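The block underneath contains the structure these notes are about, expressed in C-alpha cells.
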Amino acid sequence: MDTASVTLGEALAGLDRGDWSSEELVSDLLARIEAGNGALNAYLDVDADDALSQARAADRQRARGERAPLLGAPLAVKDNINVAGQSCACASRILEGYKAPCDATAIARLRREGAVFLGRTNMDEFAMGSSTEYSARGPARNPRNPDCVPGGSSGGSAAAVAAGMALAALGSDTGGSIRQPAAFCGCVGFKPSYGRVSRYGLTAFASSLDQIGSLTRGVDDATRLFFSMAGPDARDATTVTLPLPAPEACRREDLKGVVIGVPKEYFPSALAPDVRAAVLAAAETCRALGAETRDISLPHTEYAMAVYYIVAPAEASANLARFDGVRYGRRAAGATSPMDLYCRTRSEGFGREVKRRILLGAYVLSSGYYDAYYLSAQKARTLIRDDFTAAFRDCDAILAPVTPSAAFRMGEKTEDPVQMYLTDVFTATANLAGLCALSLPCAMNADGLPLAAQLIGPAFREDAVLGAAAALERAWGGPTGWMGRRA
Amino acid sequence: MTYEARIGLEVHVQLKTRSKMFCACSAEFGDEPNTRVCPVCLGYPGAMPAMNREAVELTALTGLMVGAQVAPLSVFARKSYFYPDMPKNYQISQYDRPLCIGGAVAIEWEGREKLVGLTRIHLEEDVGKSSHFGTSSGVDFNRAGIPLMEIVTEPVLTAPEEADAFLQALRQMVRYAGVSDGNMERGNIRCDANCSVRLRGETALGAKTEIKNLNTFKGVLAALRYEIRRQQDVLAAGGRVAMETRRWDGETGTTASMRSKEEAHDYRYFPEPDLMPVAMAPEQLAALQARIPELPRARRERFCRDYGLPAYDSEVLAADKAVADFFDETARVSDNPKAVSNWMMTEVLAKLAETGRTLAETPVAPRQLAELIALVDRGQINMPTAKSLFATMFDKGGDPVALVEQEGLAQVSSADDIGAWARQAVEENPKSVADYRSGKKAALQFLVGQVMRRSRGRAHPQKAAEALEELLKG
Amino acid sequence: MEQEKRANGGNEGMDVRHVALLARLALTDEDAELFRGQMADIVGFVRKIGELNIEGIEPTTHAHRVENVFREDEPAPGLDRATALANAPEQAQGLFLTPRIVE
Ligand SMILES: [Zn+2]
C-alpha cells in the first residue's frame, strides 16, 4: 500500500480484502502529515489519538462483520465544517477556542457510513480567498511547487490530498473554492448542485452559493462521497427532494451520444496558453470517446464577477455578524460596552480580506445603495442563470477552463484584491446558477504544475459531470494518468 | 388652540406554538436561563433556520380574522443590527413581502363601532432577554427564536384610550382563536407606539416619535398620555417635535430620548437565503378559515339573542373565550340561562380571581353548575347552601346532587321542623323578640339567622321568616 | 487624479468609517487608509453591473426556488446548558455575560 497515491476506492477495497486495516491507513497518513505538514501547512489541527481511536473502532466493526460504504475510510475536513467535539475555526482568530457541539449533516452522514475524520484542513479565513494565503494560521503551500499557492479557499484540503497526507478531503465551494485549488494542486474537485448536500453545519460564507463537496484523487471517489453526503435534510430548507442520479450514469466508459458545449466566453485572449491547450485537448478526448462538441455562448459571463462580488459579500456581511464575542469564540479584553466589545473583538478577530468583504457587503446593502448594487446583482444573476438554461438545451455538459492560469506564485496577488478576485472568473458562474461542476486534472505544464479542465452540468444532473469525467479519466489511463500528459 | 393626536401601534404578539420559530426548542414560558437553546437559536456557525408551519398558519389565521389579504407570496428577510440579545446580530423578519396586508380590527369607541385599519401583519423571531448587574449584563436566550407576529396599525388612533380599546380587542381576538395566550405579564403582547400631535383641522400629520418598551396595557395608556401632553407643550411653546425614538420609563412615568439607538440605523434588509418563500394555497386558506372560531362580537350578539341576556352580561361573559365557552355549555343544558349568567359573573369569576386559576384548572364541569342551579330553582337547596356547595365543587370537585345527599344539605321546608327551630329561637333570644315587638323590624333577620344556624343552613329562609312572624304576632 | 479620488473615498466614496461602524469594525488609521483605496477599486469593479439592462428582470434569491418548506411544530431537546455555556467567553449564573448594556 502507498497512501501517497492510493485512491479512497482502492483503500476501501484493500480494507475489504484485509490487505490493511483502517488503523494502518490512518497511521501511515499521520506519519506523512507529521513529516510533510510543516512545509505545506495543509492541516491546521490533527488529533492523532482521536483519529486512531476512530480507525480502531472501524476495524472492530469490520471484525464483527459489519459493513458500511466508507467503513474505516479516513477523510480530511475543511476547517469550516462542524465535526462534533472538534474545533471549527474557519482559519480565523475570531473562532479560537470554539468547539463544535454537533456534526454537520454531511459529516453525520459520512460518519454513519463509517468514515474516520482525520483532521482540520487550512483555508482562507471564512473561505474568503483564492490562495489560502488569507489564513490566520499562515498560508498553505502547493505540494507540486512550494513557491506556488495551492489555490483556495479549500487549499489545505487540495494540498493534503495532492501531497499524500489525505486520501480524500471535504471542501466547500462558494465561487470556485473546491475546483480552483483542485486544479492548482492536481486533484479532482467536485461541487454538487446547490441544494444537493445539506449546508447545515457548514459555517456560512454566502448562503445562496455555498455547497459542500470533495477533493479526491480520482473521479470515482468523488462519486462515492457524493452519494454518501447528498440528499434532502429537514435542517436545510434549501436542500431539494429530487431523486439522485443513477450511480451507473456517473461511471461511464465512453461518451457516445453526449453533447459537450464549449463556451466561447471561457476562452478569452488572456487565458494562459497551456490552460487553453489542456482544455482543448480534453475536448479532443471527448470527441474520441464518441461525444459531439459544440460551440456555445454564455453571453453574460463578463458580468459574473461583478454579480458574485456583490451577492457573496452581502450575504457574508450578515452571516459573519454573529461573531461578536458573546456566545462563543474569541472575545477582546477590556471592552466597556457591547458596542466596544463588538468593534474590538471583530477588529482583532478578522483578517483584512474578511474585513474588506464585510465592508463591501454592508455597503451594497446599505440604505441608498441596495437597488443599485444588491438588487441589480440579483437581477443580473437571473440573466446568468438563463444563459445556462438556454445553453443546456443544446448540450449535456459544458467543458471550460477552471482557472485563467496554472497555480500562481505566493504573494503574487495578495496586494491587489481585484486581481485575486478575478481568479474565480470561470468558476463562480456555476455557483450563481446553482449548477454542479467538477475540476479534472488533465496534464502537467512545463513548470510541473497541474492543468485542469472544468465540466459543468445542469442542476441536479451530477451524472452528466461525473460520467463525463470518469470517461475522460479512464481514457487518460486512470486517476494518475494525467500526470504523464503534457500541455 | 386645540390639538389632536394621531397614534399608530406596532404590536408584537407571541404566538402559541409548542416549538420556536426556526428550531425545535420548546417555546414554553419560564424555566432556568439558557436551558431552551440549541445551535440555531444561539446563532452558532453553520446552524440554519427551519420554518415552523404552525407559526405561519397562526399568522395567516389572524390575517383572515381581521379581513387582511394573505399574500400569495411572502418572503423572509434579514434585518441587521447588533445587540447582545440578538444571537445572529440579524433578526429573521419580513420586510417588503409580509404574510398579511391590510385588514381592520373593530373596536367600540365613543359609543360607536370603529374599524382600526391595519397596514400589515408579519412574522419574525423574538430576541433573548438581558438582565443587568454592576458593570455587566447577562443574556438568557430561552426566548430567542420564539415566534412573534407583528401587527402594524395605520396611524388612525386618536387617543390613548382608543389605543387601549384596540389592544383589548386585539388581545381578546388572538386569545379567542388560540393564536396567543395574550398574557401581558409574560410578555406575550408587547407594543411600540408612534405618536404625533397636530393642530385640529390640519391635514398633514405632525412629526412623530416612536415610543418603545410598552409592556403593559397601563403602560401604553400612561406613556401615550404623557407623550401627547409633552408634544403639545413643545408645540404650544412654539417649538418643534423632534423625530426620534423615545423610551417609556414606567417608574418615573416619563419618556426619554434614546439617542444611543439612533446612531447609524441602517437595517440592511435583504431576502433570507436560508428560507424559501411562503405561498399559501387556496385550500390551505380554506382550511384556516374553518379554524376561525366565533369571535367576541358575534358571540355577544348570540348570547343576547339566544339566551335573552342583557347586553352587559353578554359583554362580560364573552370577554374571555374560556369563560364564554363555559357559559355557553352550561346555558345550553340549563333551563335558566339568566341564572347561569348570574352565577358565572359572580361566584365563578370571583372564585377564579381569588384563586388565580383558569376554568380548565378547576374540576367543575358545566353540567354540574347547571345541576346546582336546577337544585336551587326546584327549591331543593337554598342559596347560601348552593354557594357553599359551589365552593366545595370548585375546590375539590363533586357532583352537586350527590353532595347534597351525602352531606344532608337538602332544604327543609316542613312547617313542623321550621316551627320547632323558630320556637327555640324565640325562647332563647328574648331581647331580639322585645326589639322586634318595639318596632325594630331588623331584629327579625337576626332571628332568621338563628333558625338557619339550628338547621345547619338547610331551612327555607322565606318559610323561617314567615314562621317567626307568625309566632311573634301573638 | 486617481490618488485624489481615493483620498476622499473613491468614486462617490464608500464612507469606509461609516460602513465599518455599521459592521462593527474598528479600523486602525492604517487599515482605513488601505481600505479606502482598495474599496474604491473593488466598488469600481462591481459597478460593471450598471452596464446591464435589467429592467423587468426578476431577481434571483435562490438558485433553485421551491415554496413552503416547513417544519412541523414538534419540540425536541436542544443543547444542555453546560454545553451551551462551555463555548461562552464569559458566563455566570447560567447567563452569557457582556459589558453592561446601556439602554
Ligand atoms: Zn433552538
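For the pair the stretch B:31-70 and the stretch A:415-470, the centres of their Cα atoms are 39 angstrom apart. Charged side chains reduced to their Cβ positions (Lys and Arg at +1, Asp and Glu at -1) give chain B a dipole of some 600 debye around its Cα centre.
Enumerate by residue number the trypsin sites (Lys or Arg not before Pro) in the stretch B:436-474 meeting two conditions: DSSP loop (anything except H, G, I, E, B), and at most 10 other Cβ atoms within 10 Å of the site's Cβ. Mind dumping the intermediate values first?
Working: sites: B:ARG437, B:LYS440, B:LYS441, B:ARG453, B:ARG454, B:ARG456, B:ARG458, B:LYS463, B:LYS473; in loops: B:LYS440, B:LYS441, B:ARG456, B:ARG458.
Those that pass, being in a loop and sparsely packed, are B:LYS441.
Shielding of A:311-319 by partners, i.e. mean partner chain Cβ atoms within 10 Å per residue? Could you put the intermediate results ahead of the total?
Numbers: counts 5, 0, 2, 4, 5, 0, 8, 12, 7.
Average neighbour count from other chains, rounded to a whole number: 5.
For the stretch B:414-436 versus the stretch B:175-247, the inter-centroid distance based on Cα atoms is 66 Å.
Bridging of B:LYS396 to lysines at a Cα separation below 20 Å is possible for B:LYS351, B:LYS387, once same-chain residues fewer than 8 apart are set aside.
Normalised by the residues of the stretch B:296-407, what does the relative contact order come to in percent, with Cα pairs under 8 Å and at least six apart? List each step's numbers first, then the result.
On the way: 106 pairs, mean separation 24.1, N = 112.
Taking the mean separation of contacting Cα pairs over the length of the stretch B:296-407, I get 21 percent.
Angle of helix C:29-46 to the longest C-alpha principal axis of chain C, folded into 0 to 90 degrees and rounded to 10: 70°.
Looking at chain C as a GNM with Cα springs under 10 Å, which of C:ASN68, C:ASN87, C:ASN53 has the largest mean-square fluctuation? Ranking C:ASN68, C:ASN87, C:ASN53 by mean-square fluctuation puts C:ASN87 first.
When the C-alpha to C-alpha distance is required to be over 27 Å, the pairs from A:LYS355/A:LYS413; B:LYS16/B:LYS212; A:LYS264/A:LYS355; B:LYS16/B:LYS129 that qualify are A:LYS264/A:LYS355.
Annotation: lysines with alpha-carbon distance below 23 angstrom to A:LYS99 (same-chain offsets under eight excluded): A:LYS78, B:LYS88. Averaged over residues, the count of other Cβ atoms within 10 Å places the peptides B:335-344, B:86-95, A:199-208, A:162-171 in the sequence A:162-171, A:199-208, B:86-95, B:335-344, highest first. Reducing the stretch B:73-143 and the stretch C:35-103 to their Cα centroids gives an inter-centroid distance of 18 Å.
I'd like to know how chain B sits against the 2.2 N^0.38 Å rule of thumb: what's its Cα Rg over that expected value? It would help to have the intermediate numbers written out before the result.
Numbers: Rg = 29.6 Å, N = 474, 2.2 N^0.38 = 22.9 Å.
Against the compact-globule rule of thumb, the ratio is 1.29.
Here chain A yields Rg over Rh of 0.95, to two decimals, using C-alpha coordinates and the Kirkwood radius. Partner shielding of A:351-358 amounts to 3, given as the average count of beta-carbon atoms from other chains within 10 Å of each residue beta-carbon.
With one equal scatterer per alpha carbon and no solvent term, the Debye-computed log10 I(q)/I(0) for the stretch A:134-220 at 0.19, 0.20 1/Å reads -0.77, -0.84. Between the residues B:ILE189, C:VAL69, B:ALA442, the greatest Cα displacement towards the positive end of the dipole of the protein assembly as shown, with unit charges on the Cβ of Lys, Arg, Asp and Glu, is found for B:ALA442.
Looking only at other chains, what is the average number of their beta-carbon atoms within 10 angstrom of each beta-carbon in B:50-59? Show your work: numbers first, answer last.
Numbers: counts 10, 5, 5, 6, 5, 3, 3, 2, 1, 0.
For peptide B:50-59, the averaged partner shielding equals 4.
Here the spin labels are modelled as points 7 Å beyond Cα on the Cα-Cβ line, and at B:ALA298 and A:LYS264 they lie 6.7 nm apart.
Between 0 and 90 degrees, the angle of helix B:296-307 with respect to the longest Cα principal axis of chain B falls at about 20 degrees.
Hull volume per residue, based on the alpha-carbon atoms of the protein assembly as shown and their convex hull, is 229 Å³. For the stretch B:159-216, the set of trypsin sites (Lys or Arg not before Pro) satisfying both a DSSP loop assignment and a count of at most 10 other C-beta atoms within 10 Å is given as B:ARG200. In percent, rounded to a whole number, the relative contact order of chain B is 13, using alpha-carbon pairs under 8 Å and six or more apart.
Taken together, the values in this text are just the output of simple stated rules run on the coordinates, not laboratory data. As the structure is a prediction and not an experimental result, all values here were calculated from the model. Ideal geometry is used to build each Cβ from the backbone, glycine not excepted, and the neighbour counts take in all protein chains shown.
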